[in-house]
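Each value in this text was obtained by applying a stated rule to the coordinates, not by laboratory testing. Note that the coordinates shown come from a computational prediction; the quantities given were computed from them, not determined experimentally. FYI the Cβ positions are ideal-geometry reconstructions off the backbone, even for glycines, and counts take in every protein chain you see.
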Amino acid sequence: MTAAVPVLTAVDVPAAVEFWSLLGFTREFAESDFAGVGRDDVTLFICSVDDQVVPDNTQAWVEVHGLDDLHAEWAGALLSTDYRDTSGPAITAISDQPWGREFAVRDRAGNCVHFVGEH
């Protein structure tokens, strides 16, 4: 195996695409109910759902190079650092986990994507 594509969910797919675009992802394709965005060697698919409970419970993990630089870039972009406030996008601090150093981003749709430093 050589790659995997996390599938995020959103009630509003175009708004989710716009959010990831603000974080440096490029729209690879977009329909009203399904889209793909990419940055470097990572692709994220975004699938339409009717119920907000789905994105609020969707998570993905992405391994990245340059974890500290990426965190600094995104923390300065548009994200709140108060992850407990679930009313919008947010970013956590970098923390040590059993699987490596990571931070998490909650996107505009409600998905939680963890970015983990390479091993």
remark   = Two pseudo-spin positions, 7 Å from Cα along C-beta at Val7 and at Asp50, lie apart in nanometres by 1.7
inquiry  = Under a crude label model (7 Å from the Cα following the beta-carbon direction), how far is Glu31 from Ala72 in nanometres?
reply    = 4.1
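Count the net charge of all other residues whose Cβ sits under 14 Å from the Cβ of Val113, scoring Lys and Arg as +1 and Asp and Glu as -1.
Taking every other residue near Val113 into account, the sum is -1.
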remark   = Residues Val42, Val105, Val5 in order from fewest to most other beta-carbon atoms within 10 Å are Val5, Val42, Val105
request  = State the extension gain, in nm to one decimal, for the chain segment bounded by Ser95 and Asp40, taking 0.36 nm per residue of separation less the distance between their alpha-carbons.
outcome  = 17.5 nm
task = For helix 13-22, report the angle its Cα long axis makes with the longest principal axis of the Cα atoms of the chain; keep it between 0 and 90° and round to the nearest 10°.
result = 30
query = Once every DSSP H run of n ≥ 4 in the chain is given -39500 (n - 2.57) and the sum is divided by its residues, what mean residue ellipticity at 222 nm do you get, rounded to the nearest 500 deg cm²/dmol?
reply = -4500 deg cm²/dmol
Antiparallel DSSP beta bridges within the chain, as percent of all bridges there, nearest 5 = 65
Rg/Rg_ref, segment 54-105, where Rg_ref = 2.2 N^0.38 Å and atoms are Cα = 1.16
